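The values are calculated or read from the model by the stated rules, or taken from the named source; none is laboratory data. Because the structure is a prediction, the values reported are computed rather than measured. Every residue, glycine as well, gets a Cβ built from its backbone with ideal geometry; the counts of neighbours run over all protein chains shown. Areas reflect the complete protein model, heavy atoms only, side chains present, ligands, DNA and RNA absent. Shrake-Rupley method; radii C 1.70, N 1.55, O 1.52, S 1.80 Å.
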Amino acid sequence: MILPYCYLAITTDHKFYSPDETANFVFTKQFIEHSTFSIDTPINTEVNNAIFPRSVNVTDGRFVPMSFLGILIFYGLAGKLFSIYIVTFLTPLLSLLGVFLFSKIIDSIFNKNTALFASLCLLFNPIYWYLAGKSMMHNNLFIFFVILGLWLLIKALATDRFKTLFFSLSAIAFGASIWTRTSEIIWVGILLLVFYIVNKKMIHGKYFFIFLSIFCVMIGALFAINYSIYNSLFRTGYSSLEGQASNSLIAIFQQIFLPFGFSLKNIGFHVWEFFIKYLWFLTLPGIWGIILFSKIKKTALQKSYMVSTIIISIYLLIYYGSYWPWGQYGQPSEPEVLIGSPHLRYWLPILVLSLPFIYIFIEKVLPRLFTYIKEKKVIAVSLVIFFLILISFSTHQVFYSPKEGYVKINNDIKDFSPRLEKVSSLIEPNSIIIVPAWADRVFYPEYDVIHSLGDKLIYQNNIYDEVKKLTILRPVYYYSANSDQDITSLNETEFIPRNLSLIEVSPIFKGEKLYKLSTYEQQ
């Protein structure tokens, strides 16, 4: 599976379909080359921070990450050691290593058959596979660190040698998971708490103190790094607890535990669309299997795994199920189930944790439904049918999904080059390009860009006034697929009143054109 997991890393070089991936790669490269996550853009201080691509924050004229910092730090350090060319292969390779470690965990908790089944399910899981190929997204890296931390904890319980080392390394791994996706700290804490409660007789106080101390040091280090970048202990690129101190405890609680509010309607809709209709062959057997497993005798580790799965699943269903992103952040205006939909990657932990219970369903439930057939035949046939469904569904969705599959992404990224090359031949190296929301990934980081011109949700001040200032400071171009009538209307309503005008430079690609923004004196 190395080649299927690395397909995009091999075929797309260092251009990305997602603005999040583009920004993560740019900041990782900045750290590799300059040991900082800030990119100075001094001109931004003169135009009210108007210049920035998507998925980037602007602070005091500097580009700073919007992403959680873990992927930037870990991949940046790897890039310093082995060169930047390894960076886009790390997520696929760590995802494969995560499958191997997951099989070890499930073997320790359940048995070899369950472990083999669960690991193969994870390997071919459509969401895990898809995100493995999205090399600068942090979801699979986060899952890897959680799996690594849990494996090390189980190793620590199972051995009398190197206990201190295993507990210490586990704390580092779980701390790294929080660096990678800070928003998941609550349920990671639940996982650790349940593990400790169920297994506390086997965990000496000394090891508990070692684990907790190192974990807290990791979180403290994250606070320090946040402060160095954002001048705030609690801020991440996505959100901030700053300013909450004057609010009520209820407001602070909601910011931490339910930042998207609580909506049963939204939860029900998203669960139905994504889990029941889209991934029914994974979720329905998993639910049935966990119900059956709850009724039988379990070891301490099995109990902690089952309880953690139930509590974490409920929490994540509420936390992210209430989130309604449609019509925002590049999502479709109406809900649409796609392989790259945010809810699927946010609910990936549920899909991973539930895998052993699918095997329990196949092994324990199905033979009861077909009592007239030998049990081994029922299980064998069921496994063959299940994996045929899983592999065919995953291959189709990951590679051939018409809107977000790997093949579509690869073809779209190939179309970036002719656009960029032609525009580069026509404009000055220090030019600023105004682009529609989708096109910043074509021209950034080669050029400074302004995206979504006129969107009042993005630009609180009048962005057109800032653009006028820019035309005095640097060459400014406008890239668009709009009709001539739309360009004329934009000129008449926004630019001509400011003594500016869009002048066509050249057609570029498939109906898209490049314009130069000039004052009347420059024409």
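Among residues belonging to the stretch 72-128 that are outside any helix (DSSP H, G or I) and surrounded by fewer than 17 Cβ atoms within 10 Å (Cβ to Cβ), point out the one that is farthest from the chain's Cα centre (by Cα). If we take residues in the stretch 72-128 being outside any helix (DSSP H, G or I) and surrounded by fewer than 17 Cβ atoms within 10 Å (Cβ to Cβ), then N111 is farthest from the chain's Cα centre (by Cα). Consider V337 carefully, then state whether it is closer than 21 Å to K277 by Cβ, out of contact with any Pro (no Cβ under 7 Å at 6 or more places or on another chain) and surrounded by fewer than 21 Cβ atoms within 10 Å (Cβ to Cβ). Judged against the criteria, V337 is a match.
Assess whether L366 counts as being modelled with pLDDT under 95, under 21 Å from F16 (Cα atoms) and open to solvent by less than 40 Å² (accessible area, probe 1.4 Å).
No: the conditions fail for L366.
Within the stretch 306-327, track down each residue that is open to solvent by 10 Å² or more (accessible area, probe 1.4 Å) and either within 18 Å of I267 (Cβ to Cβ) or touching a Phe, Trp or Tyr at 6+ places or on another chain (Cβ under 8 Å) (or both). So that I can check it myself, show each step before the final result.
At the first step, the residues of the stretch 306-327 found to be open to solvent by 10 Å² or more (accessible area, probe 1.4 Å) are 306-307, 310-311, 313-315, 317-319, 323-324, 326-327.
Hits for the stretch 306-327 are M306, I310, I311, S313, I314, Y315, L317, I318, Y319, Y323, W324, W326.
What about K516, is it open to solvent by 50 Å² or more (accessible area, probe 1.4 Å), charged (D, E, K, R), at pLDDT below 90 and not in a helix (DSSP H, G or I)? So K516 does not fit the description; no.
Being without any contact (Cβ under 8 Å) to a residue 12 or more places away in the chain, loosely packed, with under 15 Cβ neighbours inside 10 Å and more than 17 Å from I186 (Cα to Cα) is true of I296.
Just for the stretch 386-403: of the residues that are open to solvent by less than 10 Å² (accessible area, probe 1.4 Å) and assigned to a helix (DSSP H, G or I), which one is farthest from Y5 (Cα to Cα)?
Going through the qualifying residues, I end up with L390.
Pairing each residue of the stretch 256-277 that is among the aromatic types (F, W, Y) with any residue that is open to solvent by less than 40 Å² (accessible area, probe 1.4 Å) and outside any helix (DSSP H, G or I), provided the two are 6+ apart or on different chains, yields C-beta distances under 8 Å for F260/S322; F260/Y323; F262/S322; F274/S341; F274/W347; F275/W347. Scanning the stretch 204-216 for residues that are exposed (fewer than 13 other Cβ atoms within 10 Å of the Cβ), part of a helix (DSSP H, G or I) and of a type outside the set (S, T, N, Q) yields G205, K206, F209, C216. Taking the condition more than 28 Å from V99 (Cβ to Cβ) and in a loop (DSSP other than H, G, I, E, B), does N48 pass? In short, yes. Among the residues of the stretch 252-268, those identified as assigned to a helix (DSSP H, G or I), open to solvent by 70 Å² or more (accessible area, probe 1.4 Å) and under 24 Å from I339 (Cα atoms) are L264, K265. Evaluating S480 against the criteria (1) over 26 Å from F16 (Cα atoms); (2) open to solvent by less than 10 Å² (accessible area, probe 1.4 Å) leaves one unmet condition, (1). All conditions in (1) modelled with pLDDT of 90 or more; (2) open to solvent by 10 Å² or more (accessible area, probe 1.4 Å) hold for S431, with the sole exception of (2). Hey, does the stretch 42-59 have a residue that's open to solvent by 10 Å² or more (accessible area, probe 1.4 Å), within 23 Å of the chain's Cα centre (by Cα), modelled with pLDDT of 95 or more and not hydroxyl-bearing (S, T, Y)? Within the stretch 42-59, not a single residue is open to solvent by 10 Å² or more (accessible area, probe 1.4 Å), within 23 Å of the chain's Cα centre (by Cα), modelled with pLDDT of 95 or more and not hydroxyl-bearing (S, T, Y). Condition check: open to solvent by 10 Å² or more (accessible area, probe 1.4 Å), farther than 26 Å from Y315 by Cα and either without any contact (Cβ under 8 Å) to a residue 12 or more places away in the chain or aliphatic (A, V, I, L, M) (or both). Does K201 satisfy that? The answer is yes for K201.
Just name the residue that is farthest from A224 (Cα to Cα) out of those in the stretch 179-190 that are assigned to a helix (DSSP H, G or I) and touching a residue at least 60 places away in the same chain (Cβ under 8 Å). Full working, then the answer.
Initially, the stretch 179-190 is screened for residues assigned to a helix (DSSP H, G or I), giving 179-180, 182-190.
Narrowing the set further to residues that are touching a residue at least 60 places away in the same chain (Cβ under 8 Å) leaves 179-180, 182-184, 186-187, 190.
Numbers: W179: 12, T180: 15, T182: 14, S183: 17, E184: 19, I186: 20, W187: 23, I190: 24 Å.
By that ranking, first place goes to I190.
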